[in-house]
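The values are calculated or read from the model by the stated rules, or taken from the named source; none is laboratory data. In this text, all values refer to a predicted model and were calculated from it rather than measured experimentally. When we count neighbours, we look across all protein chains shown, and the Cβ atoms used for this are built from the backbone with ideal geometry, even at glycine.
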Amino acid sequence: MSGQPPRQSLFTRTAAAAAALLLAVALVPAAILLPTPPAAAAEQSVPVMVVLDASGSMMQDDAPGLRIDAAKSAVKKLIGAVPDSARMGLMVYGTGTDSALSSKTAGCADIRTLAPVGAVDKAALTTAVDGIKASGYTPVGASLRAASEALAGVKGPRSIILVSDGIDTCAPPAACDVAKELAAAGTELSIHSIGFKVDASARAELECIATATGGTYSDARDAAALTDELTIRTTRAIGVYEAQGTPITGGSSPADAPLLSAGQYLDVLEKGSEKNSTAEAGSTRYYKVQLAPGERAHAAATLLVPRRGETDTSGTAYLSVSFVDAQDESCLLQDTEHANSNQSFLFPPTAALSTPALGEDAGDKCFGADGKGEAFLKVERSGNWAWTKELPVELLFATEPAGDTKGLPDAYPASLPPVVPAPGGTAAPVTGGPSYNTAAELKPGLFSDSLLGAETKFYKIPVGYGQRLSFKATVTADGASAGAVGKSLNLALFNPLRQETELARGSDKYISGNSLVYTFIRTGDSLAASMAVPVRYNNRNSKDTGIELIAYPGGYYLAASLEDGSTVDVGSELAFDLAIDVSGDAENGPLLNAAEATAEPTLAPSGQPSAAALADTPQAASTSDSAGPLSWGLGIAGLLAAAAGIFVLLRRRSSQRKVG
């Protein structure tokens, strides 16, 4: 066997849908294009009851406008934003009586369920919200009990989102005492409270409610802030991180940046740069990011580039993501991730970046001890490949609450020796998917598949805490291509956040960067590798960047790509057997909140589940502040169709850090 590593990059290819299909579903969540059944996603979502204050004080005209009108608008926008697989209900108090003393007994029992927890009938619920009239008392404690009872029939984690503009006017029982009782009952219930234009007393009560149940508290000083906070808190609590592909238009500066809540979005970058360089920016977009203490943010952007023959220009398309402050200055010393795609190989560039935990490092400009948690995701396109064409960009955003690391194993100090899988038996036929979203889900075993020239296939393998993925591809048949001048088989591994995962040194002598690359392949040749180390929560604290990324349990993506030098897209076909092994003893680690969706991550820790439990099903990163299984396939999410015709996308990740 002979070969050589020709590049320092991974080459992958993915087939996308036709433009006609994209136009047909432009306003439909991208999850419709994905294979995960809605029922499966719904079963994994965390049930949430939203409790809305409609007491007499909500008639104050200072939101601007009436407070109740601002609250109703925020709820209606939330209804439109939650995924179809969400399980959400809505309660309201204060609508049935006035605020007179004679009405107190009735007013303190005035709690109404507009929608039980379950699938959201968006049209009916929106109509019900329109009919809300604010007039009565503020039975916060009683409403928390009622919401808890409404969630009592659901097993596992559950959440309440409470929006109030004042203190409980019906105590006793004191609202915070009720929250403590619910927490002591061990019902896996968390309450996230939002104070809408509250005074110090109401703020203290709402903070106490959240703290008692392991939830979060946030202030909303006006209508816009209420809309933002309600959407963020609820979508995180739901725990579903689905690839929505929701249309969004980024700001031209931090000042007009839209707020990102966890999910996946589609935007457009109008142009690249006439010069083939990152020094000259083409299109730039900004998106606002808001973190709570201890939280991290994860972001990824994928540029969907034209396939071979669809543009006459040569050169390179560049994409970068970074976090900046309101003055457009870099937040961190090293916070820019670059990706590029050479026209010859047609890779959609993907750049991914994570923030430190808010408050972790006093020296961080945006995320230090004095940081307010506000930053802006900056996405830039440059380079002269198809630079005059508008290109879609897919954005993935997730947040991750702080995890309790007490008693957890330390990060691995260095890469471990590789393990080569050697399963016996006959290979089972499998067809890899053309994107992360449609990746074939595999468990340990032996499989067979094939690749055409310039094609990439994806396979998704669940890996839990303490576990390590190893793989081996063996060529079983190599077809000929008249236009081929040389072929390369590429294998690379990505974590649930789509960050390229470090492979153990010594896995194979053809490692190039973090990917396996072998040229001039023949029947019988093979490529094998292991993750550098097993998954471990504290790996994120490693000084080794590669090990740092092997910290997330869930669906890991193995990408297999065949490059040939032909002048046509399809070229030769190569058949191979793929051996998969997941080894290692299960370890404890925080449960990172998530729900299965073909797109994936907000992460939220809660408890210490075993790796074996996490490995039983493919997992995805989520968007919630409460616990659920982790399954990233945003899994962080899908590569969608773009422009006219079918984009056959070839993905090359060539990322590097630079000092900002």
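Scanning region 100-127 for residues that are buried (at least 18 other Cβ atoms within 10 Å of the Cβ) and not β-branched (V, I, T) yields G107, C108, D110, L114, A115, L125. Among residues belonging to region 181-230 that are outside any loop (DSSP other than H, G, I, E, B) and among the polar types (S, T, N, Q), point out the one that is surrounded by the most Cβ atoms within 10 Å (Cβ to Cβ). The qualifying residue surrounded by the most Cβ atoms within 10 Å (Cβ to Cβ) is S193.
Select from region 106-130 the residues that are of a type outside the set (A, V, I, L, M) and over 20 Å from A81 (Cα atoms) and list them in ascending order. Across region 106-130, the qualifying residues are G107, C108, D110, R112, T113. Among the conditions (1) modelled with pLDDT under 85; (2) farther than 15 Å from R468 by Cα; (3) of a type outside the set (G, A, S), R505 misses just one, which is (2). For the structure I just gave you, tell me whether A150 is over 18 Å from M58 (Cβ atoms), over 32 Å from the mean Cα position of the chain (by Cα), surrounded by 14 or more Cβ atoms within 10 Å (Cβ to Cβ) and in the same structural domain as K197 (by TED's automatic domain parsing). No; evaluated as a whole, the condition is false for this residue. Every listed requirement among (1) over 27 Å from T350 (Cβ atoms); (2) among the hydrophobic types (A, V, I, L, M, F, W, C); (3) in a loop (DSSP other than H, G, I, E, B) is met by A386 save one, (1). Of the numbered criteria (1) more than 28 Å from Y436 (Cβ to Cβ); (2) at pLDDT 85 or above, the one V289 fails is (1).
Beta carbons closer than 7 Å, at least 6 apart along the sequence or on distinct chains, pair a first residue in region 167-183 that is among the acidic types (D, E) with a second that is surrounded by 18 or more Cβ atoms within 10 Å (Cβ to Cβ) for D168/T138; D168/P139; D168/V140; D168/G141; D168/A175; D168/E205. What do you reckon, is D177 out of contact with any strand residue (DSSP E or B) (no Cβ under 9 Å at 6 or more places or on another chain) and surrounded by 24 or more Cβ atoms within 10 Å (Cβ to Cβ)? For D177, the condition - out of contact with any strand residue (DSSP E or B) (no Cβ under 9 Å at 6 or more places or on another chain) and surrounded by 24 or more Cβ atoms within 10 Å (Cβ to Cβ) - is not met.
If you go through region 254-269 and keep only what is more than 16 Å from F397 (Cα to Cα) and surrounded by fewer than 24 Cβ atoms within 10 Å (Cβ to Cβ), you end up with P254, A255, D256, V268.
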